[in-house]
Amino acid sequence: MKRYLTLVVILCFAFAGTASAQKVAVKTNALYWATATPNVGFEFALGDRWTAEVAGGYNPWTFDKENNVKAKHFLVTPEIRYWFCNSFQGHFIGINGNYTQFNVSGFKFPALFVPVESSGAFLDDLQYARSQGWAAGAGITYGYAFPIARRWNLEFAVGGGWWYTQYDKFESRTCGLFQETVKKNVFGLTELGVSFIYMIK
């Protein structure tokens, strides 16, 4: 875990080194908080129409110990964005990457999160078994941001693309028996956000 947090810090400093002195922002995704996942992102202007972002979330909770319901994971998401007018305002498109490690069991995902899959029922494994492993992916983002107060913006974003995942599947109960190791390519959401943004400078 520590090495991935170190990677996030390195990425932040790398982006900061090339950032415009006038445009640096910190943000948090309200939809991600709705899954009880604390999250934060940093976005840096690279020019009038380009920004770079690195964001992450961490969920350590077991929601129901008796039924072993949990969505434990961490997620790191870097992204490069092109803004059609000015950075941090209006429409943008982006290219995102994602890396996550997870230990999920009995977590019911809303229909909104169901991806189009290349094979198998990936979300069924997360809901009706215990799945522990990792995933990496990349996708394309579209979004829109606008000011709501001095130094505050609101941003809407959605992205889709490809994931590769590898995980061990167990019975959903606590200390459930090992069933199989799964390797899959999955197509679906790579980003979904309603984010509050504070412009640091």
Matching residues in the stretch 141-190 (closer than 30 Å to Trp50 by Cα and not acidic (Asp, Glu)) number 28
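Return yes or no: is Ala135 at pLDDT 75 or above, of a type in the set (Gly, Ala, Ser) and touching a Phe, Trp or Tyr at 6+ places or on another chain (Cβ under 6 Å)? Walk me through how you get there before you give the answer.
Working: at pLDDT 75 or above: yes; of a type in the set (Gly, Ala, Ser): yes; touching a Phe, Trp or Tyr at 6+ places or on another chain (Cβ under 6 Å): yes.
Answer is yes for this residue.
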Which of the residues spanning the stretch 41-61 are in contact with a helix residue (DSSP H, G or I) (Cβ under 8 Å, 6 or more places away or on another chain) and among the β-branched types (Val, Ile, Thr)?
Val54
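One residue is enough: does the stretch 77-98 have a residue meeting the conditions assigned to a strand (DSSP E or B), among the small types (Gly, Ala, Ser) and over 19 Å from Tyr142 (Cβ atoms)?
Within the stretch 77-98, not a single residue is assigned to a strand (DSSP E or B), among the small types (Gly, Ala, Ser) and over 19 Å from Tyr142 (Cβ atoms).
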Residues of the stretch 165-184 satisfying the condition of being surrounded by 14 or more Cβ atoms within 10 Å (Cβ to Cβ) and part of a strand (DSSP E or B)
Thr165, Tyr167, Asp168, Lys169, Phe170, Gln179, Val182, Lys184
So which residues in the stretch 138-168 are modelled with pLDDT of 95 or more, farther than 30 Å from Asn68 by Cβ and charged (D, E, K, R), if there are any at all?
Glu155
Of all residues in the stretch 30-57, how many are farther than 17 Å from Met199 by Cβ and either modelled with pLDDT under 50 or not β-branched (Val, Ile, Thr) (or both)?
10
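The values are calculated or read from the model by the stated rules, or taken from the named source; none is laboratory data. Source: prediction; values computed, not measured. In this analysis, Cβ positions are derived from the backbone assuming ideal geometry, glycine residues included, and neighbour counts consider all displayed protein chains.
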